[in-house]
Each structure stands twice: as structure tokens, then as C-alpha cells.
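Peer 1: Input: one structure, supplied below.
The values are calculated or read from the model by the stated rules, or taken from the named source; none is laboratory data. Bear in mind that the values here come from a model prediction, so they are computed numbers and not experimental data. When we count neighbours, we look across all protein chains shown, and the Cβ atoms used for this are built from the backbone with ideal geometry, even at glycine. Note: accessible area is taken over every heavy atom of the protein model, side chains too, but ligands, DNA and RNA are not part of it. Shrake-Rupley method; radii C 1.70, N 1.55, O 1.52, S 1.80 Å.
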Amino acid sequence: MAVLSVLLLFGTFFLLLILGVPISVSIGLSSIVSVIVAMPLDVVLYTGAQRLFSGMNSFALLAVVFFIMSGSIMNNGGIALRLINLAKLIAGRLPGSLAHTNVVGNMLFGSISGSAVASAAAIGSVMSPLQEKEGYNKAFSAAVNIASSPVGILIPPSGVLILYSLVSGGTSVSALFMAGYLPGILMGLSVMLVAFIIAKRNNYTISEKVSLKEASKVVLQAIPSLLLIVIVIGGIVAGVFTATEGAAIAILYSLVLSLIYRSLTWAHIPKIFKETIVMTGIVLFLVATSSIMSWAMAVTGMPAAISNGLLSISENPNIMLLIMMLILLVVGTFMDLTPAVLIFTPIFLPIAVEMGIDPVHFGIMLVFNLAIGSMTPPVGSVLFVGCSVGKVSIEEVIKPLSFFFVALIAALFLVVYIPSISLVIPKFLNLL
């Protein structure tokens, strides 16, 4: 029964995706089809409806909603420009300085907004014209922006890590947030390394040296924005408030900061609410339908069947990790990050735990892997946004992007096979 349910679940799911059915609807319908082999249709529909609503009935999900709203406020509130100036100060003396500024800018803005798409749009729209003016190849500039935008998914605060905590059965959000820092920085540095090599070959310019007075002004202007990270993450890790309360504080802080900068007007408010409502609806419906899938898997014994199937290939943890990472890399090319986390965490996490892998380490591996998928065709949301703001076609950007893809894969496998990269900070802070 379990094998039949697996075939029905994934067969129906991929068939519906090919037919163009929205992914959340595909998840729900394929889950119902897969569990019909175990119980009557009326029971399936009744219980599925209950699961649909109970899946959204979680206080922890408020954190995701609040972080979505705070990210929208920051994206509309002029915070990106001040972070770009700081990024230019940090990376301005490297060959191809504007490319490195783009990467550092995405690391800073992404860590505050928690959204790869928002970073690609906000940082890319400012940096692309500047790089074009300095003679940078447009496809290269777009590739740098696309490859570095997903860094913000790993560097906290991250709504995806909160979702992983929820679906994994309560993995510590504080530990996940702290575990994301070094892999996120490694991800950014791998993009900068490739950008450095290409910039050297093409003799891209180095920014002019900035005086101490100008540098001090740039830092002072950026400090209020960076304090958001200190307040929110520091408060969560210290136990002063929960992740949900921290997300609400992020909204208040970013709103006040945007008003102080005088870059947010009343005209922006309807747009912010609309963006928040639309994105929240998408995420919550995905969570709701994914809860039906989790129930279907539990009822039919799918996780155990999949686990036994994979373990029959090999019981070597290193080989099993390789298999799971390769599967996720393929999945990431045609599925957005949020539904992939919701679907594959219940499948792969029990296998990882059985092999002695820490759930925090596995969560970072999972998100890092799927973050790479957000920049690859055919369903790469960051890829589409990056090409749009960079005014290039997907065909033009694929070649330069492939070099960054190789570097990011190398960084991923460092994170996978060197657990301390993820776990050293949580262990130092006694979060594990």
C-alpha cells in the first residue's frame, strides 16, 4: 500500500504540474488521491478538510506573516540604498568593485528582509544601471545579482527557516538562525570569488578611495538599518522575545526607520498591505495543503517506505547525503523553495536523523540546496526577477550564471560534509 501511495502521490503531483495546475492545488489533490487506497473517499475528504485548517492554525506562522510585511516595508522604505552605500565601502577596493558591492548589498539587505526576490529587485534595480554605466557586461551584472540574492534566505531572520522549524516538529528557531550565518557568508564569498576572477579577466574598474569623513557618514547612515538585525536576532537568541514577537518588532522598527528617512509615504501603505496579503495567502495555502500531504504520508506509511528504499541503496551516511542533495538540487529547478521545504522535510528528515545528522544541520543543508534552485530555470523566481531588473534575457544570463552555480554547489557540499560550519555558532551559544 505504501509503495502504491508513493507512486500515486508523486505521479499525480507531477502530472498536475505539467498540466499547469498551481503547485498548492497540485499538492492537495495528489495527497487526496494517494490516501484513497487506505480509506473511504468521504473520510478522506472530511479529514483532509480538517487538516487543511489545522495546518494554518499555528501561532508560529504569524512570524512568517510579520517578516513578510517587514520585508515589504524595507523594500519600499529606502533602506536598500543606505545598505548599498555601506556595501560599496566594504567591497569598493576589489577588482570589479560594483559586482562585489552587489553581493555584499544582497547579503546585508537579504539578512534584513529575509527575501531573495526582494533583494534581487531592490539591490539589482539600483546596481544594474551603475554597472552598465561603468562598462560591465549586462549579463554578468545580472548573474551576480541573481547568484547572490538567495543569500538572504540563509542569513537570519529567515521565514523559510521558521517554516522548516514548524514542519520538522519544533526544531529550535534560535539555533537555526545562528546556524545560518556561516553558511550564508560562505555562499556570498563563493559568489564574490567567481566575480573576482571574471572581473580580473575583463579589467573591470575599482571604485575610488573614500575619505575617512565620507566613510564615517556612510557607516552612520547604515547603522540604524543594521541595528534591526541586532535587536531582532539578539532578542530571539537571548530569550527576550519569541520569533513571532521579534517579527512584530521588526515591522515596528522598519516602519519607524522608513518614516525617519522620509522615504515612506502614505501612498506606499496600500502597496505594502497588498504585497503582504498576496504573499501571506500564497504561503498559508501552501502550508495548509502541505499539512494534508503530511497526513497522507503518515496514514499510508510513505516516509518509512521511502526511507527503506533509499537505505536499501546504501547505509553509508555520506552516500545517503549525496543522494538526498542531488534529489533536492533537481527538485529545486522546478519547485519553489517554500513548497519544497514543506514537502521534502517530512520525507528526508527522518532518514537524516536515523543516520545521526542534527536536525539543525539538516535544515541548513536543505535550505542552502533549495536556495540554489531559486536561481535556476525553469521555475527560478529569483532568476526571473534578476533578468527583469537587469534587462537581459534568460538565454543571455545562463552562461555567466553557470560559473556561479558551480561555485555555489562546491560551497553547498562543504556545508553538507563539514557540519561544524553550521553548528559551531549554535553550540558556542549553548543552543544545541
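Peer 1: Kindly report the accessible area of segment 271-414 per residue (heavy atoms of protein chains, probe 1.4 Å, no ligands, DNA or RNA), in Å².
Peer 2: 38 Å²
Peer 1: Now for a different question. Hey, what angle do you get for helix 97-113 against the long axis of the chain, alpha-carbon based, 0 to 90 degrees rounded to 10?
Peer 2: Compared with the principal axis, the helix lies near 50 degrees.
Peer 1: Using a 1.4 angstrom probe with every protein chain in place, what is the largest-first accessible-area order of 268, 361?
Peer 2: 268, 361
Peer 1: A further question on this structure: Please determine, in degrees from 0 to 90 and to the nearest 10, the orientation of helix 302-313 with respect to the longest principal axis defined by the Cα atoms of the chain, where the helix direction is its Cα long axis.
Peer 2: On a 0 to 90 degree scale, this one is about 80.
Peer 1: Okay, moving on. What list of ³J(HN,Hα) values in whole Hz, one per residue of segment 69-76 in order, does the Karplus curve 6.51 cos²θ - 1.76 cosθ + 1.60 (θ = phi - 60°) give from phi, with Gly and Pro shown as x?
Peer 2: Listing the rounded values in order: 5, 5, x, 5, 4, 5, 5, 9 Hz.
Peer 1: Given 122, 178, 373, which one lies farthest toward the positive end of the charge dipole of the chain, if we put +1 on the Cβ of every Lys and Arg and -1 on the Cβ of every Asp and Glu?
Peer 2: Working it through, the farthest residue towards the positive pole turns out to be 122.
Peer 1: Order 271, 138 by their accessible area, 1.4 angstrom probe, all chains in place, largest first.
Peer 2: My answer, sorted largest first, is 271, 138.
Peer 1: Under a plain spin-label model, where a point goes 7 Å from the Cα along Cα-to-Cβ, how far apart in nm are residue 43 and residue 410?
Peer 2: Modelled inter-label distance: 5.5 nm.
Peer 1: Test of understanding: express the Cα radius of gyration of segment 29-165 as a ratio to 2.2 N^0.38 Å, with N the residue count.
Peer 2: Working: Rg = 20.8 Å, N = 137, 2.2 N^0.38 = 14.3 Å.
The value comes to 1.46.
Peer 1: Quantify, in whole percent, the carbon and sulfur part of the accessible surface of the chain (1.4 Å probe; protein heavy atoms only).
Peer 2: 70 percent
Peer 1: Related question: In what sequence, highest mean first, do 175-186, 277-288, 302-313 appear when ranked by Cβ atoms within 10 angstrom?
Peer 2: Top of the packing list down: 175-186, 277-288, 302-313.
Peer 1: Still on this model: Is the shape of segment 132-260 best called rounded, prolate or oblate, per the rule: a/c under 1.5 gives rounded, else a/b larger than b/c gives prolate, else oblate, with a ≥ b ≥ c the square roots of the Cα gyration tensor eigenvalues?
Peer 2: Note, shape of segment 132-260 comes out oblate.
Peer 1: Continuing with the same structure: Would you mind pulling out the separation of the Cα centroids of segment 161-204 and segment 20-43, in Å?
Peer 2: One Cα centre to the other: 35 Å.
Peer 1: So if I place +1 on the C-beta of Lys and Arg and -1 on the C-beta of Asp and Glu, and nothing else carries charge, what would the dipole magnitude of the chain be about its Cα centre? I want it in debye, nearest 20.
Peer 2: With Lys and Arg at +1 and Asp and Glu at -1, about 1200 debye.
Peer 1: What list of ³J(HN,Hα) couplings, whole Hz, do you get for segment 217-232 from phi and the Karplus terms 6.51, -1.76, 1.60, once you set θ to phi - 60° and write x for glycine and proline?
Peer 2: Using θ = phi - 60°, the values come out as 5, 4, 5, 4, 5, 8, 4, x, 5, 5, 5, 4, 4, 4, 5, 5 Hz.
Peer 1: Sticking with this one: So, in the chain, how many Lys pairs have Cα atoms under 16 Å apart, if the pair is 8 or more places apart or on different chains?
Peer 2: Lysine pairs satisfying the spacing and distance rule in the chain number 9.
Peer 1: Can you compute the label reach from residue 56? Point 7 Å from Cα along the Cβ direction, backbone N cut-off under 20 Å, restricted to segment 277-309.
Peer 2: Within reach of a label on residue 56, which here means backbone N under 20 Å from a point 7 Å along Cα→Cβ, segment 277-309 contributes 277-296.
Peer 1: Please report Rg (one decimal) and Dmax (integer) in Å for the Cα set of the chain.
Peer 2: Computed over the Cα atoms of the chain, radius of gyration and Dmax are 21.7, 74 Å.
Peer 1: Give the separation of the Cα centroids, segment 63-141 to segment 327-366, in Å.
Peer 2: 28 Å
Peer 1: Another question about this same structure. Please state the shape class of segment 178-336: rounded when a/c is under 1.5, otherwise prolate if a/b exceeds b/c and oblate if not, all from the C-alpha gyration tensor.
Peer 2: Taking the square roots of the gyration eigenvalues as a ≥ b ≥ c, segment 178-336 is oblate.
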